[in-house]
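Input: a single structure, listed below in C-alpha cells.
What follows is calculated from the coordinates using simple rules that are stated; it is not laboratory data. Values in this document were obtained by computation on a predicted structure and should not be read as measured data. Backbone-built Cβ (ideal geometry, glycine too); neighbour counts: all protein chains shown.
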Amino acid sequence: MAQDSHQSSYTYTVLCRLDNKSCFGCCGRRFGSKEKVLAVIEKSTQELIQIKDRWDFRMRAKPSDLHEGTCRNLVFDQKKEKVFCPLHPLQNNGVDLRVGHCDFNFLCTTAKKFETWNREKQQSFIQLLRSKNVDVYEYSMGMDKDLFLKEFEQANP
C-alpha cells in the first residue's frame, strides 16, 4: 500500500508536553484503569520496537481498535516517563502519519480555553500544573476530564 505523506495543520499547545509531563488525554476515550492503560502503552511500545516502520506500525490496528480506551499508537519514551505518538509530525520531520487515521485536530476543553487566555493567566495555570506531583496517567486524565481547569477556575473566578 502506498504511504500517504500528508502535511497537516494540527493544533499544538504547550500543555501537551509541559516540562516532564506529557498528555495523552486526546488519544482515546473512556480510558480504563491506570494499570491497564499503562500496560496497553507498554505493549504498543514493544510492538513499535519490533515493527520499526512507523507506517506499518500505524496500519497494524484500526483507529477504532482502542484497548482500555487507549489509542494503540501511544508509546513510552526511553525512560518510560512520557508518552508520545510516533505518527505525530514532530516525530516524522513534519510528516503527519495521523492524517486519515485519527482526529488530530481534537483539543480538550482545557487546551482550548488555555489558548484564549492572556499570558499572565496562562502562566498562572502552568504554575498550578507544575505544582502537581502527578504521573503521565494522572496528568492526562486531569487534562482530559478538565479537573485541573475546574480547580483553576474555582480558585481564579
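For this structure, a couple of remarks:
- Relative contact order, whole percent, for the chain stands at 29, derived from Cα pairs under 8 Å and 6 or more residues apart.
- For His67, the residues whose modelled amide H falls within less than 5 Å of its own, excluding neighbours fewer than 5 places apart on the same chain, are Arg72.
- Unpaired cysteine residues in the chain (no second Cys Cβ under 4.7 Å): Cys16, Cys23, Cys26, Cys85, Cys102, Cys108.
- Calculated Rg and Dmax of the Cα atoms in Å (choose from [x] 18.6, 60; [y] 15.9, 53; [z] 15.7, 51), label: [y]
- Estimated vicinal HN-Hα couplings, Hz - the range 142-154 in sequence order (Karplus 6.51, -1.76, 1.60; Gly, Pro = x): x, 6, 4, 8, 6, 5, 5, 4, 4, 4, 5, 5, 5
- Across Lys112/Lys132; Lys62/Lys121; Lys21/Lys113; Lys43/Lys150; Lys80/Lys132; Lys80/Lys150, pairs whose alpha-carbon gap is larger than 30 Å: Lys62/Lys121; Lys43/Lys150
- Expected 222 nm ellipticity per residue - DSSP helices of 4 or more, -39500 (n - 2.57), all of the chain, to 500: -12000 deg cm²/dmol
- From most to least packed by mean Cβ count within 10 Å, the peptides 47-53, 36-42 give 36-42, 47-53.
- Linear extension gain, Ile51 paired with Gln127, 0.36 nm per residue minus alpha-carbon span: 23.4 nm
- Label sites at Arg30 and Lys145, each approximated as a point 7 angstrom past Cα along Cα to Cβ, lie 1.6 nm apart.
- Placing unit charges on the Cβ atoms only, positive for Lys and Arg and negative for Asp and Glu, gives the chain a dipole magnitude near 80 debye about its Cα centre.
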